Amino acid sequence: MIGIKAIGTYLPSGRVSNLTRLEEFGLTEGSLNDRIGFRQVAVKGDDETTLSLAVSAFRNLVDKTGLDLATINAVAVISQNPDRNIPHISAELHGKLSLPPSCACFDVSLGCSGYVYGLSLLSAFMSANGMYRGVLVTADPYSTIVDPADKNTSLIFGDGATATLLTEDPVYVAGAFSFGTMGLEADNLACNDGRLFMNGRTVFNFAAKHVPADVAKVLQKNGLTLADIDCFVFHQGSRYIVDTIANRLGVPQDKARFYAADYGNTVSSSIPIILAEEMKNTLNRSILLSGFGLGFSWASTVLKRLENN
């Protein structure tokens with residue numbers, strides 16, 4: 001059974017403080033903390049690229065696990081902001097790391113729901129093709145498309161990358177998944193002429209309506225209740241979104257924390273950055289993941305820790 005063995009992460013050292021921009025955007029420190037939640041956002045250096053972020057996360061995974069690159073069967077990269085359109089970034093990553101010619105590589109253009117989608121896609125792909133070791137990479141630096149003067153986006157999005165090792169001897173395995181899309185609303189969060197546009201109120205209403213319902217759906221599909229879940233990892237869209245979803249579900253905030261105050265909304269890397277930390281806690285036997293946002297799409301699943309871990 002294919003599942004998650006370990007997760008490598010990378011956050012750039014650069015930060016932009018939102019506290020220094022309160023007056024510019026007409027905010028108070030209280031509103032920043034309670035609603036947006038990001039006191040600062042991570043920003044890649046001028047010499048860093050989407051590819052270099054992915055490489056850094058991959059190398060962190062190797063450092064953590066001693067992974068032999070020659071044994072990797074498949075790599076999937078989740079990104080909507082590759083450095084160039086052709087070739088696919090997973091192929092560039094393959095070349096940069098000198099992975100074996102037998103390694104399959106493909107990209108998936110998804111945003112905030114991308115990690116959960118990617119878990120389903122890559123694990124199913126591996127199982128269908130007799131593969132035993134794969135890596136799911138997320139790298140989506142939004143600093144390349146965010147207008148620093150745009151209050152709706154520049155206070156929110158941060159840069160980061162992750163690399164998740166999927167193997168036949170995992171720590172966590174995913175149960176049933178749930179997916180959905182409201183494509184008619186997708187233009188409310190879009191990149192137009194190289195700049196990100198977000199209708200924040202519409203995005204919030206979308207998440208507040210559809211995510212609690214999807215959580216209920218995925219719990220039912222897995223034969224579980226809210227009480228069976230030890231930890232809820234929601235995409236870190238903002239503190240207010242995370243808190244609202246938890247409140248509507250009746251989940252205590254110590255089980256559905258807001259984690260990203262010091263680095264921002266890292267899009268597809270949001271969930272795995274948190275999961276890398278929560279995996280260290282052996283008391284987390286069941287973890288619910290829910291990603292939502294870009295494309296007005298959402299995806300949820302439940303991870304179960306195997307008894308021997």
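Since every read-out is calculated from the coordinates, none of them should be taken as a lab result. This structure is a prediction, so every number in the text was calculated from the model and none was measured. Glycine also receives a Cβ, built like all others from the backbone with ideal geometry; neighbour counts cover every protein chain displayed.
Just to confirm the filter: which trypsin sites (Lys or Arg not before Pro) across the range 50-110 are DSSP coil and have at most 11 other Cβ within 10 angstrom of their Cβ?
When the trypsin sites (Lys or Arg not before Pro) of the range 50-110 are filtered for loop state and at most 11 Cβ neighbours within 10 Å, Arg84 remain.
Collect residues whose amide H, placed 1.01 Å from N in the peptide plane, falls under 5 Å from the amide H of Asn265; neighbours closer than 5 in sequence don't count.
The list, which skips near neighbours in sequence, is Phe157, Gly158.
Give me the number: length gained by fully extending Leu226 to Thr65, i.e. 0.36 nm times residue separation minus the C-alpha to C-alpha distance, one decimal in nm.
54.7 nm
Name the shape class, rounded, prolate or oblate, that the alpha-carbon gyration tensor gives for the range 1-137, where a ≥ b ≥ c are the square roots of its eigenvalues, rounded holds for a/c under 1.5, and otherwise prolate holds if a/b is larger than b/c and oblate otherwise.
It is prolate, given that a/c is not under 1.5 and a/b is the larger ratio.
Jot down the per residue volume, in cubic angstrom and as a whole number, of the convex hull over the alpha-carbon atoms of the chain.
So the per-residue Cα hull volume is 127 Å³.
Considering the options Leu226, Phe258, Ser290, tell which one lies farthest towards the positive end of the dipole of the range 172-305, charges being +1 on Lys and Arg and -1 on Asp and Glu at the Cβ, about the Cα centre.
Farthest towards the positive pole: Leu226.
Just to verify a number: FRET efficiency for Leu19 and Lys151, C-beta to C-beta distance, R0 = 25 Å, to 0.05?
0.95
Using the C-alpha atoms of the range 119-227, what convex hull volume per residue, in cubic angstrom, is computed?
Per-residue hull volume (Cα only) is 165 Å³.
If we count every other residue with Cβ under 15 angstrom of Asp193's Cβ, Lys/Arg +1 and Asp/Glu -1, where does the sum land?
-2
Would you mind working out the magnitude of the charge dipole of the range 3-167 relative to its Cα centre, with +1 at each Lys and Arg C-beta and -1 at each Asp and Glu C-beta, to the nearest 20 Debye?
In debye, rounded to 20, the range 3-167 gives about 500.
For the chain, what number of Lys pairs, 8 or more residues apart or on separate chains, have alpha-carbon atoms under 25 Å from each other?
For the chain, the number of qualifying lysine pairs is 23.
Return the long-range amide H neighbours of Arg15 (sequence gap of 5 or more, or a different chain), with a cut-off of under 5 Å between placed amide H atoms.
The list, which skips near neighbours in sequence, is Val43.
Does the range 125-179 come out rounded, prolate or oblate, given a ≥ b ≥ c as the square roots of the eigenvalues of its C-alpha gyration tensor, rounded meaning a/c under 1.5 and, failing that, prolate meaning a/b above b/c?
It is prolate, given that a/c is not under 1.5 and a/b is the larger ratio.
Could you work out the helix-only [θ] at 222 nm for the chain, with each DSSP H run of four or more residues adding -39,500 (n - 2.57) and the total divided by the number of residues, to the nearest 500 deg cm²/dmol?
It lands at -8500 deg cm²/dmol.
Please give me the summed charge of the neighbours of Thr202: other residues whose Cβ is under 15 Å from its Cβ, Lys and Arg +1, Asp and Glu -1.
Value of the local net charge: 0.
Give a residue-ordered list of calculated ³J(HN,Hα) values for the range 159-173 (Karplus: 6.51 cos²θ - 1.76 cosθ + 1.60, θ = phi - 60°; whole Hz; x for Gly, Pro).
So the Karplus estimates, Gly and Pro as x, are 9, x, 7, 9, 9, 9, 8, 10, 9, 7, 10, x, 8, 10, 10 Hz.
For the range 172-305, max minus min Cα coordinate along each principal axis, in Å, sorted largest first?
46, 31, 25
Treat every Asp and Glu Cβ in the chain as -1 and every Lys and Arg Cβ as +1, leave all other atoms uncharged, and give the resulting dipole magnitude about the Cα centre to the nearest 20 debye.
Roughly 640 debye, rounded to the nearest 20.
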